[in-house]
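Notes follow the structure.
Read-outs throughout are calculated quantities, based only on the coordinates presented, and are distinct from any laboratory measurement. For clarity, every value in this text was computed on a predicted model and none was experimentally measured. For neighbour counting, all protein chains shown are included, and Cβ atoms are generated from backbone atoms with ideal geometry for every residue, glycine included.
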Amino acid sequence: MTTLLSVAGVSKRFRGLVAVDRVSLDVQQGEIFAVIGPNGAGKTTLFNMIAGAFANDEGSIVFDGQRIDGLKSDQICQRGIGRTFQIVKPFLGLNVEENVVVGALLRRHDMKSALARAHDVLRQLDLYDKRAQSASALTLPDRKRLEVARALATDPKLLLLDEVMAGLRPTETNRMVDIFRALNRDTGLTIVLIEHVMRAVMALASRVLVLHHGAQIAQGVPADVVRDPAVIKSYLGAEAVH
Ligand SMILES: Nc1ncnc2c1ncn2[C@@H]1O[C@H](COP(=O)(O)OP(=O)(O)O)[C@@H](O)[C@H]1O
Ligand SMILES: [Mg+2]
């Protein structure tokens with residue numbers, strides 16, 4: 001197995017608050033890895049450091065054999081990490097197709113091939129028939145899938161998904177799970193997902209990291225993690241398990 005992402009002892013402080021406290025994780029090539037934990041646990045901050053939105057205060061991040069901590073978010077995107085945002089950020093003035101073309105132009109410098117890539121991704125995300133609609137007119141499930149499509153169009157080696165199933169109905173969640181499973185199986189895409197929908201975590205992830213107050217309280221295969229007394233006490237017992 002090849003390690004694609006290696007996060008070692010990474011921390012982030014905001015004034016007095018330790019948002020992420022010496023967290024380590026390794027993600028293998030082709031793996032689906034999940035990060036769970038209560039609101040405020042530091043999950044999004046961890047993503048922000050991996051994706052270069054925030055600099056880490058300590059530790060190191062190695063992606064595809066090279067140190068990436070200290071690089072800017074556009075440089076990290078160029079190296080092959082695509083991410084979605086918990087608060088979806090489509091260009092509302094553009095239509096669905098144009099939003100995805102923007103992602104595709106990262107590695108393609110002519111419109112024809114960018115459009116072809118966008119169409120492939122739109123088909124994978126079940127959005128092809130809605131390509132001419134304005135992004136602002138989409139329903140929440142479609143906006144969530146557009147967010148994934150925009151990230152995927154950049155041809156990432158690693159896709160970071162921040163709560164893309166939050167607020168979805170069970171049938172829409174199942175659709176997302178099927179889409180990620182197919183992407184992982186058919187293209188070998190490596191995925192790290194932050195998710196509260198435990199059904200999706202159990203269905204997709206081969207390993208799970210549990211954060212609480214910024215620190216790891218458990219890490220392992222899903223079946224073991226959900227039985228861990230510390231996880232039940234601080235997370236699963238405290239929040240509704242979907
Ligand atoms: N840009 C920021 N400035 C100050 N505090 C922040 C910032 N981003 C996150 N935090 C704080 O860091 C902690 C972890 O937040 P976050 O990573 O968003 O948690 P999660 O995604 O697990 O809900 C929270 O207490 C949050 O208020
Ligand atoms: Mg978050």
> Which loop trypsin sites (Lys or Arg not before Pro) in region 155-242, with loop taken from DSSP, have no more than 15 other Cβ atoms within 10 angstrom of their Cβ?
Replying inline: R227
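Once you have the Cα-Cα distance between S206 and S113, take 0.36 nm times their residue separation minus that, and quote the gain in nm to one decimal.
On the way: separation 93, 0.36 × 93 = 33.48 nm, distance 3.43 nm.
Once the chain is fully extended between S206 and S113, it gains 30.0 nm.
Among DSSP beta bridges whose residues both lie in the chain, state the antiparallel percentage, nearest 5.
On the way: 21 of 37 bridges.
Once the DSSP bridges in the chain are tallied, antiparallel ones form about 55 percent.
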> Do you know the relative contact order of the chain, to the nearest whole percent, from alpha carbon pairs under 8 angstrom that are 6+ apart?
Replying inline: 25 percent
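Is there a pair in K43/K144; K12/K233; K12/K144; K43/K72; K12/K43; K112/K144 whose C-alpha atoms are over 21 Å apart, and which pairs would that be? Provide the component values of the computation, followed by the final result.
Details: K43/K144 18 Å; K12/K233 25 Å; K12/K144 28 Å; K43/K72 19 Å; K12/K43 11 Å; K112/K144 26 Å.
As for pairs spanning more than 21 Å Cα to Cα, those are K12/K233; K12/K144; K112/K144.
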> Each label point is 7 Å from the Cα along the Cα-to-Cβ direction; what then is the distance between the points at A53 and R169, in nm?
Replying inline: 2.9 nm
